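Just so it is clear, none of the values below were taken in a lab; they were calculated from the coordinates. Computed from a predicted model, the values in this text were never measured in an experiment. Neighbour counts are summed over all protein chains in view; Cβ atoms, including those assigned to glycine, are modelled from backbone coordinates with ideal geometry.
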Amino acid sequence: MYILAKSVLALTAGFLVALVLGAIIVPFLRKKKMGQITSKFVKEHAAKAGTPVMGGLIFILSTVIVLAILLVTKKITYTSNLTIVLFVFLSYALLGFIDDYRIIKYKSNEKGLTRLQKFIGQVIIAVGFFLLYVKNGMDPTIEIYLFDIKLNLGMFYVIFILFMLVGASNAVNLTDGLDGLAGGLSVIAFIVYGMIAWNTGWLAGYDNIAIFCFILVGGLLGFLVFNGYPAKVFMGDTGSLALGATLATVAILTHRELSLAIVGGVFVIECLSVIIQIASVKITGKRVFPKTPIHHSFQIKGWQEPNIVKAFYVAGFLLGIVGILYGVWF
């Protein structure tokens, strides 16, 4: 009951602060004309042009503010593992912010960070993660609990960390194409990892990581007040990159790395649809899906945007339940 109370209070605090920040940030972004530059390849999004972007600042700042208050008032203690989570969370947010800012400044999606620049930034962050993890007494072992399999990757673990961070951040980024979609799915995913973190008592600062997850869930719920259909603001790369990389970070620290493919199953499917489409076009010259990421295929089939989001939420919820079974019970 004590754990439940702390989780609910953390979530509530994150939500309330996000509401206040949203009421300030959204009008500010609109006033500064920090609007979305829509892709010419997605005609369904033409009406969304000009909607304020960088809304990820709402849940990023709310999470940092609430966490800082809890640390200053000594309601929680600062740990090395929390350092890793915050390092990745804020580093990816900064990387996404730079990309968003350049796109808005030059009014072109092509003027954002190049793929190479993004990748270099992600490599630097992954190396930083690795060094902090080594300092903490890194355990480079991947465990498949269901089959009692352990794989020690040794120094190759840094490559695994990079793969996890890049894969997860890009997957959430690709999913962020409909109002409330990436935000809502992230709420489900972080609730799951908050519960998983509470059950990893062997991990130093496990309770702080759990509290972080629930504060972020509250921040995301506050953000969804402004991002739900029809969206008044988009999270942009500022938010999506931070969310994906942080999900991967918590999965790694709690040694539930493989559970991310389940908990973030919808994100994985969205990402795979793009990879399959590109491979098919290059190899056969034909498309497998009408349009990717796959949520666009549903739009082409005539589904209304809110209905697609609801269906994906249900899928994310069911996968989240499976993730809890795997991550907690097994």
| remark: Most exposed first, judged by fewest Cβ atoms within 10 angstrom, Leu4, Leu258 run Leu4, Leu258
| Which of the lysines could a cross-linker bridge to Lys33, judged by Cα under 28 Å and excluding same-chain residues fewer than eight apart? | Lys43, Lys48, Lys105, Lys107, Lys111, Lys118, Lys232
| remark: Listed by chain and number, the lysines with an alpha carbon less than 19 angstrom from that of Lys6, same-chain partners under 8 positions apart left out, are Lys74, Lys75
| Neighbourhood charge, 12 Å Cβ-Cβ cut-off, centred on Leu203 and excluding it, Lys, Arg +1 and Asp, Glu -1 | -1
| note | Listed residues Ala245, Ala197, Ala13; largest mean-square fluctuation, Gaussian network over the chain with Cα springs below 10 Å, found at Ala13
| Hey, fewest Cβ within 10 Å first, where do Arg115, Arg256, Arg287 land in order? | Arg115, Arg287, Arg256
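Quick check on the range 33-153: take the gyration tensor over C-alpha atoms, sort the square-rooted eigenvalues as a ≥ b ≥ c, and tell me if it's rounded (a/c under 1.5), prolate or oblate. Provide the component values of the computation, followed by the final result.
Values: a/c = 2.35, a/b = 1.58, b/c = 1.49.
In terms of gyration-tensor shape, prolate.
Show me 155-166, 171-182, 128-139 ranked by packing, highest mean number of other Cβ atoms within 10 Å first.
171-182, 155-166, 128-139
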| message | If I take every Cα pair under 8 Å that is 6 or more residues apart in the range 209-330, average their sequence separation and divide by the length, what percent do I get for the relative contact order? | response | 23
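Can you tell me the dipole magnitude for the chain around its Cα centre, using point charges on the Cβ only (Lys, Arg +1; Asp, Glu -1), in Debye to the nearest 20?
On the way: 26 positive and 14 negative charges, 234 e Å.
For the chain, the charge dipole is close to 1120 debye.
Which FRET efficiency value, to the nearest 0.05, do you get for Thr83 and Leu146 by plugging their Cβ-Cβ distance into 1/(1 + (r/R0)^6) with R0 = 35 Å?
Details: r = 31 Å, r/R0 = 0.88.
Efficiency at R0 = 35 Å is approximately 0.70.
Using only the Cα atoms of the range 286-328, build the gyration tensor, take square roots of its eigenvalues as a ≥ b ≥ c, and label the shape rounded, prolate or oblate: rounded if a/c is under 1.5, else prolate if a/b is larger than b/c, else oblate.
oblate
By Kyte-Doolittle mean hydropathy of at least 1.6 and Cα axial length of at least 18 Å, which whole DSSP H helices of the chain are selected? Working shown, then result.
Working: long enough: 2-31 (44 Å, 1.80); 56-72 (24 Å, 3.08); 80-106 (39 Å, 1.11); 115-135 (30 Å, 1.25); 157-175 (27 Å, 1.78); 181-198 (26 Å, 1.97); 206-227 (31 Å, 1.80); 236-253 (26 Å, 1.31); 265-284 (27 Å, 1.83); 305-324 (28 Å, 1.40).
Counting only whole DSSP H runs, the qualifying helices are 2-31, 56-72, 157-175, 181-198, 206-227, 265-284.
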| Along each of its three principal axes, how wide is the spread of alpha-carbon positions in the chain, in whole angstrom units, largest first? | 50, 49, 35
| query | If each residue's Cβ is checked for other Cβ atoms within 10 Å, how do Thr246, Thr79, Thr238 rank with the fewest at the top? | reply | Thr79, Thr238, Thr246
| query | Can you run phi through the Karplus equation (6.51, -1.76, 1.60; θ = phi - 60°) for the range 138-151 and list ³J(HN,Hα) in whole Hz, with x for Gly and Pro? | reply | 3, 10, x, 10, 9, 10, 9, 4, 4, 10, 6, 10, 10, 10
